[in-house]
Amino acid sequence: MQAPKQRAAERTPGERRTLLYLMIFSASGLVILGAIIAIVALAGGGGGGSSAISSDDCVEQAYPGLSPEHLGSPDAKVKYNSFPPSSGPHYQSPAPWGIYEEPIKQPILVHNLEHGGIIIQYGDVGSDAVTELGSFYQDDPYGLVVAPFPKLGTKFALTAWNEPGYRAEGDFKNVDPGHGYVLTCSKFDSKAFAKFRDAHRNKAGERYTRVKDMAPGA
């Protein structure tokens, strides 16, 4: 035979007021906590990523990283997922860091991206813009490759490859290829170029110990 259930003693007015205050404060705390979480999420807090660059002349896009692989020829045909390429299979030797007067094959440049480089290519942008670009390069040339690329038409394109973890040269096992990034600009924009460079340089899988190790000619 079950014992009869006991009825809880009725709360006094003071106890009821205390309980009401606790419920109000608890609900307020949840609202505040929710607002904080929303602000952090909108600000990208803790995500480790960079905010996309957008200006009157430039737009940045991110692409899923393609798995790395060494190619035996710089003329190998590769189906990249961005234009210009920003990750994926690449020729086994990168180009020396520097500024060039002739185009460089894209599979070669992707290897530079794998080492954390920033590639700046341009089409028929005019001699004044090319001069401005040269000055931009000279101000901070580490880890940069600058070269013409006629297929860009009248635009500039900056590319980078960022991976979450470091890996040794030629280690392609269990790779998280991260993301490739392309900044396309209709005009030379030093602020957008610098922001892209600073956000993405030396953050690829086979990155250098220091940016200064990415000196011109190396």
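The values are calculated or read from the model by the stated rules, or taken from the named source; none is laboratory data. Given the structure is predicted, the values throughout are model-derived calculations rather than measurements. Note that each Cβ is placed from the backbone with ideal geometry, even for glycine, and that neighbours are counted across all protein chains shown. The protein model used for the area step is the full one, side chains on, heavy atoms only, and it has no ligands, DNA or RNA in it. Shrake-Rupley method; radii C 1.70, N 1.55, O 1.52, S 1.80 Å.
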Selected residue (criterion: farthest from the chain's Cα centre (by Cα)) from residues of segment 114-150 that are over 12 Å from residue 215 (Cα atoms) and polar (S, T, N, Q): 127
Only one of (1) more than 20 Å from the chain's Cα centre (by Cα); (2) open to solvent by 40 Å² or more (accessible area, probe 1.4 Å) does not apply to residue 164, and that is (1)
I need every pair where a residue in segment 186-208 that is under 16 Å from residue 57 (Cα atoms) has its Cβ under 7 Å from the Cβ of a residue that is assigned to a helix (DSSP H, G or I) and open to solvent by 40 Å² or more (accessible area, probe 1.4 Å), sequence separation at least 6 or different chains. 188/132
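Kindly indicate the residue of segment 167-199 that is of a type outside the set (A, V, I, L, M, F, W, C) and within 20 Å of residue 138 (Cβ to Cβ) and also most open to solvent (accessible area, probe 1.4 Å) among those meeting that condition. Even if it seems obvious, please write down each step before you answer.
Kept after step one, since they are of a type outside the set (A, V, I, L, M, F, W, C), are these residues of segment 167-199: 167, 169-171, 173-174, 176-181, 184, 186-187, 189-191, 195, 197-198.
Narrowing further to those that are within 20 Å of residue 138 (Cβ to Cβ): 187, 189-191, 195, 197-198.
Details: 187: 122, 189: 30, 190: 58, 191: 169, 195: 112, 197: 28, 198: 92 Å².
Checked segment 167-199; the qualifying residue most open to solvent (accessible area, probe 1.4 Å) is 191.
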Which pairs have Cβ atoms under 7 Å, sit 6 or more apart or on different chains, and link a residue in segment 174-185 that is hydroxyl-bearing (Ser, Thr, Tyr) to one that is assigned to a loop (DSSP other than H, G, I, E, B) and surrounded by fewer than 20 Cβ atoms within 10 Å (Cβ to Cβ)? 184/155
Any residue in segment 29-44 that is at pLDDT 95 or above and not β-branched (Val, Ile, Thr)? no
Which members of segment 46-76 meet the condition of being farther than 18 Å from residue 112 by Cα, over 14 Å from the mean Cα position of the chain (by Cα) and either at pLDDT 95 or above or open to solvent by less than 40 Å² (accessible area, probe 1.4 Å) (or both)? 57, 58
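Within segment 63-87, work out how many residues are in contact (Cβ under 8 Å) with a residue 60 or more places away in the chain and of a type outside the set (Phe, Trp, Tyr). Don't jump to the end; show me each part of the working.
Residues of segment 63-87 in contact (Cβ under 8 Å) with a residue 60 or more places away in the chain: 63-70, 81-87.
Filter once more, keeping what is of a type outside the set (Phe, Trp, Tyr): 64-70, 81-82, 84-87.
Final tally of qualifying residues: 13.
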